[in-house]
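These notes concern the structure reproduced below.
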Amino acid sequence: MLVSISGLHYRYPGARADALADLELGIGPGELLAVVGANGSGKSTLARLIGGLEKPGAARHAIACGHDLLTLAGRQRARRDVGVLFQNPDNQLVADCVEDDIAFGLENLCWPPDDMQARVDEMLCRFELSDLRQREPHLLSGGQKQRAALAGVLAIPRQVLVLDEPTAMLDPGGRAEVLAAVDDLRADGLAIVYVTQEMDEVVGADRVLALEHGTAVFAGPVAELFADVDLVRRLGLGLPAAGELAVALAGRGRVLRGLPLTLDALVEALAVAT
Amino acid sequence: MPTAESSAHGRAPSPLGMAVDCRAVSFSYEEARSPICALRQVSFTLRPGGSLALLGASGSGKSTLLAVLRGLDETEAGVVLLDGMEPGGAAYEALRRQVGLVFQVPELQLFAMTARDDVAFGPRCLGWEEPAVGDAVEEAMTLAGLPPSEFAERHPYALSGGEQRRLALAGVLAMRPRLLLLDEPFVSLDPVTRRELVAILIRLRQRGVTLMLATHDIDLAWELCDELLLLEQGRVLAAGPWGFDAASARPLAGARLKEPFLVQLWRRLGRDPASAPRSAAEAAEALA
């Protein structure tokens with residue numbers, strides 16, 4: 001396990017209730033865990049905690065990449081091995097131009113200049129930012145900023161990557177790039193925690209964790225979560241487009257075999273004689 | 001909401017929704033080391049009560065175009081006609097004030113101590129007096145799914161993310177826009193809140209408000225909008241009806257955009273994609 005958490009509690013200072021309560025989570029190399037839940041359910045809080053950016057209130061254990069998140073030293077070390085990408089890249093871009101921003105983390109880790117330059121070039125290429133390397137961040141579009149921020153996070157080699165709605169501000173092309181990059185990273189053995197509101201993006205995950213008011217109400221296979229339509233609605237979620245259509249059809253008396261979650265599966269299910 | 005009587009300076013009553021005629025509009029950002037040309041001779045029209053999806057990759061000029069249409073930035077070439085009127089003069093400025101723009105992540109702009117005061121800010125800035133302000137606030141909050149009896153006195157920051165989004169929208173609706181521009185209104189919303197917002201926009205469309213919606217969500221664009229305007233690097237790639245049909249080249253492919261899910265489904269089922277349904281409910285009716 002790269003991340004192993006049990007009995008995690010967290011409460012924001014001054015808050016009346018826990019933002020996370022009794023949370024359990026485990027993720028190994030090459031796994032993609034999707035985290036879903038309504039706004040305010042604790043997804044972003046969990047993302048920050050795994051990244052060592054907040055001090056847990058309490059936990060039976062909370063280990064990330066071998067570092068104890070309950071100790072300050074452990075959290076500091078975790079921040080290097082666990083990359084976190086937030087929703088709003090404006091909060092993460094700090095330098096005068098894209099290239100310098102990608103190099104920022106590497107400079108802080110005292111990488112040799114040649115190695116740093118090579119790594120920055122690699123990241124610029126991977127995220128199609130080479131033409132924008134000298135551009136001031138405030139002149140980038142929302143999607144371009146997000147790609148630049150992701151490039152900056154991944155410039156430092158990581159074991160775990162936590163992504164908090166990484167495609168929210170991206171166009172479909174940019175979204176496809178991020179998803180492809182995430183697949184590559186998974187193949188490289190990174191563990192990925194993927195917080196999202198896009199149900200179509202959940203379909204490809206190995207497992208899904210669904211939060212409601214800070215507690216985990218579901219942890220398991222994706223198909224199993226979507227099969228429980230009442231739970232999905234209660235949690236403020238939806239189904240992938242294929243699933244929503246299948247549910248609408250069932251409402252009109254045409255029940256498809258299984259719950260299709262992709263276009264292919266839906267076409268196949270519709271082809272079965274009624 | 002505006003009535004047919006609300007018109008600028010004694011002209012004949014206008015339809016509820018505003019007409020837009022954008023003619024060869026160009027705009028550049030001058031502040032960079034070298035100027036960035038964000039809009040290049042963009043032309044399109046939008047009829048009163050029409051609904052237009054503004055599509056295009058990040059950086060293609062969508063947000064810039066909305067800002068120009070709202071009058072926050074002046075064109076460097078070309079004109080934007082509102083209800084057939086050219087810029088210059090008080091009448092045009094009055095029309096501009098009937099254009100509402102909802103920015104990306106609009107809840108970042110909430111600032112007042114109560115929801116009511118935040119929503120009232122716009123009408124007050126327009127010089128409206130009580131009870132017109134009060135009426136506008138009530139109407140806007142109700143339309144946005146935030147019953148005043150429950151939400152008026154709440155602190156904006158104490159609301160959930162979805163409620164904040166709707167409150168920010170209410171702040172624009174309170175000014176009774178006849179043309180409503182929305183920049184990525186669905187970003188960061190959970191699926192249920194997204195559906196609530198779709199319902200609000202459908203209600204506005206039914207009332208006849210002209211809508212223009214910049215979004216990356218092609219399925220919601222398909223559900224809400226009759227027409228599209230596709231930008232690439234500031235230029236118009238396509239404008240007008242969606243144009244899906246069995247024979248023609250797919251209009252969105254050139255811009256790395258997938259077709260709406262339901263259009264893809266209709267193609268796969270051997271049905272005419274031009275008649276693809278707009279929503280899951282409509283699709284279910286057709287397939288049941």
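The values are calculated or read from the model by the stated rules, or taken from the named source; none is laboratory data. What you are looking at is a predicted structure, and each value in this text was computed from that prediction instead of being measured. Cβ sites come from the backbone with ideal geometry, for glycine too, and all protein chains shown count toward neighbours.
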**Request:** Report yes if some residue within the stretch B:185-206 is within 14 Å of chain A (Cβ to nearest Cβ), of a type in the set (A, V, I, L, M, F, W, C), out of contact with any helix residue (DSSP H, G or I) (no Cβ under 7 Å at 6 or more places or on another chain) and closer than 24 Å to residue B:59 by Cα; otherwise report no.
**Result:** yes
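From A:206, A:164, A:183, A:230, grab the single residue that is surrounded by 21 or more Cβ atoms within 10 Å (Cβ to Cβ) and over 18 Å from residue A:263 (Cα atoms).
A:164
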**Item:** In the stretch A:246-266, residue surrounded by the most Cβ atoms within 10 Å (Cβ to Cβ) [restricted to those that are assigned to a helix (DSSP H, G or I) and either more than 10 Å from chain B (Cβ to nearest Cβ) or touching a Pro at 6+ places or on another chain (Cβ under 8 Å) (or both)]
**Value:** A:246
**Fill in**
Among strands (runs of 3 or more DSSP E) entirely inside the stretch B:43-135, those with 3 or more residues being within 14 Å of another protein chain (Cβ to nearest Cβ) are B:51-56
**Set A:206, A:200: member being away from every other protein chain (no Cβ under 13 Å) and more than 24 Å from residue A:91 (Cα to Cα)** = A:206
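Residue A:211: in contact with a Gly (Cβ under 6 Å, 6 or more places away or on another chain), more than 9 Å from every other protein chain (Cβ to nearest Cβ) and buried (at least 19 other Cβ atoms within 10 Å of the Cβ), yes or no?
It is true that residue A:211 is in contact with a Gly (Cβ under 6 Å, 6 or more places away or on another chain), more than 9 Å from every other protein chain (Cβ to nearest Cβ) and buried (at least 19 other Cβ atoms within 10 Å of the Cβ).
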**Request:** For the stretch B:1-13, indicate whether the set of residues that are closer than 28 Å to residue B:217 by Cα and either modelled with pLDDT of 90 or more or part of a loop (DSSP other than H, G, I, E, B) (or both) is non-empty.
**Result:** yes
**Request:** Determine whether residue A:136 is on the phi > 0 side of the Ramachandran plot, surrounded by fewer than 24 Cβ atoms within 10 Å (Cβ to Cβ) and over 15 Å from the mean Cα position of the chain (by Cα).
**Result:** no
**Asked** Within the stretch B:27-42, can one find any residue that is within 14 Å of chain A (Cβ to nearest Cβ) and in contact with a Pro (Cβ under 7 Å, 6 or more places away or on another chain)?
**Response** yes
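Looking at the stretch A:169-180 only, could you name the residues that are touching a residue at least 40 places away in the same chain (Cβ under 8 Å) and either basic (Lys, Arg) or buried (at least 24 other Cβ atoms within 10 Å of the Cβ) (or both)?
Scanning the stretch A:169-180 gives a single hit, A:169.
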**Message:** If I filter the stretch B:263-286 for residues that are over 30 Å from residue A:272 (Cβ atoms), among the aliphatic types (A, V, I, L, M) and within 14 Å of chain A (Cβ to nearest Cβ), do I get at least one hit?
**Reply:** no
**Asked** All but one of (1) at pLDDT 95 or above; (2) over 14 Å from the mean Cα position of the chain (by Cα) hold for residue B:52; which doesn't?
**Response** (2)
**Message:** If I go through the stretch A:230-245 residue by residue, how many of them are out of contact with any helix residue (DSSP H, G or I) (no Cβ under 6 Å at 6 or more places or on another chain) and part of a helix (DSSP H, G or I)?
**Reply:** 5
**Message:** Give me the helices (runs of 4 or more DSSP H) completely within the stretch A:63-168, filtered to those with at least 1 residues that are within 14 Å of chain B (Cβ to nearest Cβ), ordered by residue number.
**Reply:** A:98-108, A:142-155
**Complete:** Within the stretch B:145-174, the residues that are assigned to a helix (DSSP H, G or I) and in contact (Cβ under 8 Å) with a residue 40 or more places away in the chain are B:156, B:157, B:161, B:164, B:165, B:167, B:168, B:169, B:170, B:171, B:172, B:173
**Fill in**
Those residues of the stretch A:52-68 that are among the aliphatic types (A, V, I, L, M) and touching an Asp or Glu at 6+ places or on another chain (Cβ under 9 Å) come to a total of 2
**Asked** Within the group B:69, B:101, which residue is closer than 30 Å to residue A:147 by Cβ, buried (at least 21 other Cβ atoms within 10 Å of the Cβ) and modelled with pLDDT of 95 or more?
**Response** B:69
